[in-house]
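The values are calculated or read from the model by the stated rules, or taken from the named source; none is laboratory data. Small disclaimer: the values here were computed from a predicted structure and weren't measured. Glycine gets a Cβ as well: all are built from the backbone with ideal geometry, and neighbour counts include every protein chain shown.
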C-alpha cells in the first residue's frame with residue numbers, strides 16, 4: 001500500500017531547505033554572474049559554500065560520504081524544496097549533470113577512480129560533464145554514436161565532436177562516450193571513459209547560445225583531437241556504455257522532474273500573489289473566472305505531477321527498475337509543468353514576459369526541460385513499445 005504521509009523529520013528537512021533557498025539563494029537570482037550561459041563557476045562556488053555552511057551540501061550522497069542517504073521518495077520531497085530557485089540545486093550540489101553523474105560513478109567506478117573523480121564531486125570541489133550528444137550523431141538515438149576510440153593494449157585514443165555538453169567549460173570530471181573499434185585486447189562497441197577535463201586533446205570550441213540559463217557555464221561544443229587516455233580511464237566494462245547510461249537515466253529523469261516541480265510551484269506562487277493584487281474592471285484579476293481557472297488548472301497539474309513523481313519513486317524504492325514509469329513521469333511532468341509556466345506568464349500579463357519576476361526565466365528553462373534526458377516523443381515511443389509487447 002502506498003502511504004503519502006511525510007514523516008515529521010522529512011517535513012522538517014524540507015522546510016529547512018525551503019528556508020535556506022528563500023533566504024540565502026533567491027537573492028542571487030539578480031547577480032550579474034547569472035549570465036546568458038548560466039551561473040559562472042565563481043557564482044557556483046559561492047553558492048556551494050553557503051550550502052556547505054548550512055549543512056545542506058550533496059544531501060543525496062550516502063551517509064558514509066557525508067550525505068543523508070536518501071530514498072527516491074525522500075529525494076522527491078527535498079529536491080522540490082530545493083528547486084524553488086533554479087540556483088537552489090546548484091548550491092546544494094544536486095543539480096544536473098553532476099547529480100546524475102555522481103549516481104553513475106557511485107555504481108561503476110573502481111576505488112581508485114572514485115577517490116580521484118567522485119570524492120571531489122561529492123565534496124563540491126569540482127564539477128562534471130557527460131559527453132554523449134553529437135551534431136548529426138548520438139542524441140535521442142545513442143546508437144548513432146560517431147565518436148571513435150582505438151586501443152593498442154596500453155592507451156585509448158579518442159576522436160570525435162560533441163555538442164550540447166552541459167557544464168563542459170571548467171568541468172574536471174569527464175565521462176566520455178565513444179565507440180571502441182575492434183581490437184585484440186578488449187570487447188568493442190559503445191564504451192565510457194573517465195578522465196580529467198584538463199587533458200590535452202579536449203578542445204572546447206565554443207559555448208552555445210541557448211534559451212535556458214540554469215546550468216553552470218552553459219552548453220558547449222567540444223572536439224576530441226587524438227585524446228590519449230591510459231587503460232585505467234576505462235569506466236566499467238568496454239562495450240557496455242548503453243547499459244550504464246540506462247543506470248543513470250531512470251533516476252536522472254525523475255530528479256529533473258522533482259527540481260522543476262519546485263520551480264513551477266514558485267511560478268504559481270508569484271502568479272497567485274499578482275492575481276490577488278492586480279485589479280482590472282473593478283476587482284482583483286483573480287476574481288475573474290478566466291484567471292482563476294488558469295490558476296486552478298495549475299494547481300491540478302502541480303498535484304498530479306507530484307503524485308506521478310512519487311509513484312515512480314515508490315516503485316524504485318520497492319526494488320523496481322522503474323524505466324517505464326520514469327519515462328511516463330518525464331513525458332507527462334515536463335509537458336504539464338511547461339503549461340503551468342505558460343499560464344503563469346499569461347496571468348502576469350506584460351510583466352510576465354519581462355525579468356521583473358523570475359517567471360520568464362522559469363518559462364524558458366521549462367521549455368528546455370521538455371528536451372532534457374530525451375524529448376517527450378522518445379519517451380512516448382518507448383512507452384508505446386512497452387505496452388504493445
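What the table below lists for this structure:
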| item | result |
| --- | --- |
| Selected residue (only one of 240, 268 is over 25 Å from residue 358 (Cα atoms) and in contact (Cβ under 8 Å) with a residue 40 or more places away in the chain) | 240 |
| Qualifying residues in segment 365-375 (those that are surrounded by fewer than 17 Cβ atoms within 10 Å (Cβ to Cβ) and touching a residue at least 40 places away in the same chain (Cβ under 8 Å)) - the one farthest from residue 130 (Cα to Cα) | 367 |
| Residues of segment 27-48 classified as surrounded by fewer than 16 Cβ atoms within 10 Å (Cβ to Cβ), closer than 29 Å to residue 10 by Cα and touching a residue at least 60 places away in the same chain (Cβ under 8 Å), total | 1 |
| Checking residue 201 against (1) in contact with a helix residue (DSSP H, G or I) (Cβ under 6 Å, 6 or more places away or on another chain); (2) surrounded by 15 or more Cβ atoms within 10 Å (Cβ to Cβ), the condition it does not meet | (1) |
| Number of positions in segment 200-248 that are closer than 17 Å to residue 188 by Cβ, part of a strand (DSSP E or B) and under 19 Å from the mean Cα position of the chain (by Cα) | 0 |
| Counted residues, segment 131-145 - those being at pLDDT below 95 and over 19 Å from residue 168 (Cβ atoms) | 3 |
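Conditions (1) assigned by TED's automatic domain parsing to the domain that holds residue 218; (2) closer than 21 Å to residue 166 by Cβ; (3) over 21 Å from the mean Cα position of the chain (by Cα), marked per residue:
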{"residue": "317", "(1), (2), (3)": "no, no, no"}
{"residue": "333", "(1), (2), (3)": "no, yes, no"}
{"residue": "344", "(1), (2), (3)": "no, no, yes"}
{"residue": "355", "(1), (2), (3)": "no, no, yes"}
{"residue": "362", "(1), (2), (3)": "no, yes, no"}
{"residue": "367", "(1), (2), (3)": "no, yes, no"}
